[in-house]
Structure formats: structure tokens, C-alpha cells
1. Ordering His36, His69 by how much accessible area each has at a 1.4 Å probe, largest first, what is the list?
2. Probe 1.4 Å, all protein chains in place: accessible area of Leu304 in Å², nearest 10?
3. Once amide H atoms are placed 1.01 Å from N in the peptide plane, what residues at a sequence separation of 5 or more from Gly382, or on another chain, have their amide H within under 5 Å of its amide H?
4. Order the following by accessible area, largest value first: His423, His387. Probe radius 1.4 Å; ligands, DNA and RNA are ignored.
5. From the protein chains alone at 1.4 Å, what is the descending order of accessible area for Met12, Met185, Met39, largest first?
6. Using a 1.4 angstrom probe and counting only protein chains, how large is the accessible area of Ile178 in Å², to 10?
7. Please list, or write none, the lysines whose alpha carbon is within less than 21 Å of the alpha carbon of Lys440, excluding same-chain residues fewer than 8 places away.
8. Compute the accessible area per residue over region 1-85, keeping the other protein chains in place, probe 1.4 Å, unit Å².
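The values are calculated or read from the model by the stated rules, or taken from the named source; none is laboratory data. Just so it is clear, the model here is predicted, and its values are computed rather than measured. To get the accessible areas, we keep the full protein, side chains included, count just its heavy atoms, and leave off ligands, DNA and RNA. Shrake-Rupley method; radii C 1.70, N 1.55, O 1.52, S 1.80 Å.
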Amino acid sequence: MKSFFSYNKRIMFSITLILMGTMMPLWLSADAVDLHSLMEKLSENPNGNTLMLTAILLVMLNTFRALPHYLGALLLGDELSVRLERPWLKVAIPIVVIPFVYFFINLYNPLRYHFGGPAILLVCSIIVLQFISNGNLRPVLKGFILIQLIFGLQWLDVVVWLTPFGFGGGPISSELKIIASQIGMDSALSFYSLLLCCVFTINTLVLVIYLTVSEQKTLMKHNLHLARGEIIESRSGREALHLVHDLKTPLALIEGLNSLIQLKTKDKAILAYTERISNSIESTSNMVSEILYKDKKNWCSLKLLIGYVRANKLSYSDIHFHFELGAGEQTEIFINKIRMTRAIINLIDNACDAVEGIQDAHITIHTAEDKQHVKLGVEDNGKGMTHKEQKNILRAGYSTKAHPGVGLTFVKNVVEEHDATLHISSSKQIGTIIWIKLPKECVRHEHTNYR
């Protein structure tokens, strides 16, 4: 659900930018930046300084008016191509949207917008940008690159000898070039315009390559970090499995000797002791099976599960642990007891990290039940998490600490193995509660009859 809303948010942001670009001539007109005043001053007293100042102001005006819908079309193409798994959309959408914006502006604006050479070059440059970056650049970086690219290519509109080729066909650009020709400054204007165009275009190309390589390096570091975390988890898991597997041999020996004692004695007290030993061996054998085989599940009461949690953790001297056990302690859940206990302990470990250094630090272990679920929860009064951290916290390799984040990845895996769900609720400086919600199909009550 969160990803759905995030998806809609990004789509709406892109559409908003396109609409802003469509309405931009109403908000940022030539009069708003005194461009017409400069043109009149240039007509009355032509000189090179006023000419260049007017050209700079015109290019900046065109850049800021074009940026929203160009960036919006670029981001919309990116988002839809990923979500709909249609890579060609990242090219097709800018090609369709940008000319449509020019068309719509000309429907209401008496000052005709010219979809000429710079606009066509910008669309082509966006296509090249999409292929070079290959989805590795963040939106903010694309916006930074695009503003430089637009500013550079807009200078072509004031290059006098490019007018026959579709550059600078707008009324203000045309008038500026006519005045430049009349005062003999057409060559100077064209030279400086081409120079600035080359500087910003080359700078944009270098920036794209540099940022793309940097983003790829960052991605590679993240993947290496992720792989290292997975290796650590896998190696630790294999070592633990080998050790647990080796327990089967002494357990079998103990079981054999215990059976031999039962056969050799008729003493009732000794037989009672050997029966308790047999029960303990069976319990230990079941635990070994649950550790070795993650699909191995048995019915376990909430009382027994909480007992395992108490035995394995809750030894922090500076943290107060509370239990709010809203569900019946004899309620049974069909789980792999060892892995579920380990998952809850991992949640407690993370909660302990969250309350580190906080006065009156306390952690609450919850059990609760409603019509759809039996819930196991861990709550802390720690520093809380941002929305971004909540979104990424379950991703393998992600950690808010200085070591690979594998604990919550394990919790996520255990939850999925039990067809359960994980719910995180957190607020900065207030705390976090994480619920494991087991479906009713995995629950039975003491009074239920089974055949």
C-alpha cells in the first residue's frame, strides 16, 4: 500500500511540473522581468552592453519557463517506464508531452511560442541523457543537469545566422537579432552565444558522465555491502547448522542409554526420572529439528513462546522490560518455535539499540488478538524512525548502525515463512512498535476440539 501511494505521489509530482510549465507564461512573462523595457532601451540607444544584457535575460527567461515541463516529462517517462515495465516510455513520453505543452500554450497566449531548433535539440538531448544515465541518476540530479542543458541550448535562439534553420523564431528573439544586425553586432552576438552554448553543453555532458559513474559506484558499494551482509548471515547460519546437527549424535546416545536403564531397573523413582529424561530428549530433538529445518513447525502456546523469549534475552541492566500479554497464554500458534523466538529477539535487539542513551528506557513485549490475527509486538520509547528509514529497514544490507543490517531481514524471512505480516509504526523522538501478525489459520485455543 505504501509503495502504491509513493508511486501515485511521484506521478502527481511529475504531472504538476508539466502543468506548471504549461502555465508558466502567465506567471513569468517578459514584462515581469522588464525584458520589454530593455528592448525599448536597446532600440532607442543601441550598444553592445545592453544587447548582451538583453540576450542573457531572454535566455534565462526561456530557461526558467521551459524547465518545469521538460523536467516533468522526463520524470514522468522514467516513472511510467519502470512501473509499467515499458522502457520505451522514457523516450516516448517526453517526445509527446513537450510539443503538446507548446501547442497548448499557443492556444491561450497571444505571444506565440516557437517550437524550433532548441526545443528539438532539447528533446533529442533528453533521449540521449536517458540512455547515458540508464536510470542511475536521481531526480534532483537530473533537474540540475537539465537546467544547465536548457540554458546552454537556449543560446542558439540568438545566433543570427541560425535563424533560417528554425532557431529563434519567436518575436522577441527575432527583434533582438534584427537590432544586432542594424548596429553591426550580429557577429559578436552569434560568437558569444555559440561560445556559451558550447561551454554549458560540454559541461552538461561531463557532468552527466561524472554523476552517472558516481551513482554506479554508490550502487556497487551498496551491492557489495549487501553481499557482505548475506555472506555473514549465510556463514553464521551454516556454522550454527553444523553445530546443531552434531547434537544429534550425543542425543541418540543419551536416548539409548536411558532406554537401557529403563529395561534394567524396576525402581519406580528411577523409572520416573528416566521418563522425564525421555521427555527432555524428545523436546530437545524437536528443537534441533526446528533449527535444522525452517519448515518444521509445531503447535506452541504463547506462554511457552514468551518463556523462550525471557530465557534468551532481557538481560540489559539499564533497560526496563514490560510485558502486556493481551492474548490468552494457553492460545497455541503453529510455528517454528526456535526461528520465531529468534525473530522476536532480533526485534528486541533493535529496540535496545533504539533506546540506547535514553533516560527511563523501556521496552514492552506485547501479545494481542483480534478477529483476524494473533499479534506479537515489540515496542520501545527510543528515537524512532523517519518514513524513509521505515521504508528501507527491511531491505537486506540496510542498517541505521555501523554494521550490515541482517537482523530485520531475518525477521522478514521468518514472517514470510509463517504466512504472517509485519507492521511497523514509528514516530521520531517518540518510539517504534513492530507487530508480527499471524493469521487465524495458524491459531487454536485450548477449548477447541480437534479430530
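1. If we order His36, His69 from most to least accessible, we get His36, His69.
2. 80
3. Thr432
4. His387, His423
5. The most accessible residue leads, giving Met12, Met185, Met39.
6. Estimated to the nearest 10 Å², Ile178 gives 100 Å².
7. Of all the lysines, those that pass the test against Lys440 - Cα under 21 Å, at least 8 places apart if same chain - are Lys294, Lys296, Lys297, Lys303, Lys337, Lys371, Lys375, Lys412.
8. Working: 4480 Å² over 85 residues.
Result: 53 Å² per residue.
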